[in-house]
Amino acid sequence: MEKIKKILLSFLAAFFIVVPFGNAEVNAKEKVKVYVFEAGGCPYCEAEITYLEGLSSYGEKFEIVRKQLYIDHEKWEPGKDYNLGEEVAKLFKENGFTNAVTTGTPMVVISNLYAETTYSTELESIINEAYDKGDADVVGCLENGGSNCWKEADSDGSEVFAAVISILALIGLVALVVVTRTQVSDEEEDDILLNESKEDEKSDDEVVVKKLETKPSKKVSKIDSEVKSEVKKTTRKSTSKSTNKSRKK
């Protein structure tokens, strides 16, 4: 039982050491990457960048990543990031973002929450949501050759970690209950043994008292015998005198 208790206590100690570090890791949030697929000289692209840089959360919650979809906005020659832009638009369209197209600029992409080819000044709430949830970074996944980027975007690992923590917490709670009950049982067992010991001592004392009450001491017996002997002697003497008196008469 002591061995089991030590194992359970060791587990609890490890659990309460590991969990805070795990939570700190989950809570450590990285900046959201806001991708702007642009064309050189595009006025709407520059206006979008100006709007994003003017947000109070810029640099704190998000950063801007500029991608060259077209070299310029006049000849519309594909830029170095054109193929990536095509992949991004295709994946987002497959998941319901119908306004993600490469036929114009800017195409703005935020996590797995937003992808539209338009100039917008209402992106702050989406950026904050991506920051709170954790940046899925679909574009970064595709750029690095990921083959299943949308599923990876749906889970950044925090949900899995939270599930593991929940299981460990449940195990820790059960272990704590077991240890507590074991300690209580041990204490109850000790109390029972102590009470039994006291009862045994009490029984022994009662036996001794009874023996003392029923067994006369040697001195008392001796005195009683001497008294009886003296009584007999006195009786004999009296009888002898009476007999002598009778004879004289």
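Hydrodynamic analysis of the stretch 31-156 uses the Kirkwood radius over alpha carbon pairs. Inserted into Stokes-Einstein at 20 °C and 1.002 mPa s, it gives a translational diffusion coefficient of 149 µm²/s. Considering only beta bridges that DSSP places wholly inside the stretch 31-156, some 50 percent are antiparallel. In this structure, the residue pairs whose Cα-Cα separation is over 20 Å, taken from 29/133; 67/90; 80/151, are 80/151. Of the GluC sites (Glu not before Pro) in the stretch 68-109, the ones in a loop by DSSP (not H, G, I, E or B) with at most 16 other beta carbons within 10 Å are 74.
Since every read-out is calculated from the coordinates, none of them should be taken as a lab result. As the structure is a computational prediction, the values presented were derived from the model and not from experiment. Ideal geometry is used to build each Cβ from the backbone, glycine not excepted, and the neighbour counts take in all protein chains shown.
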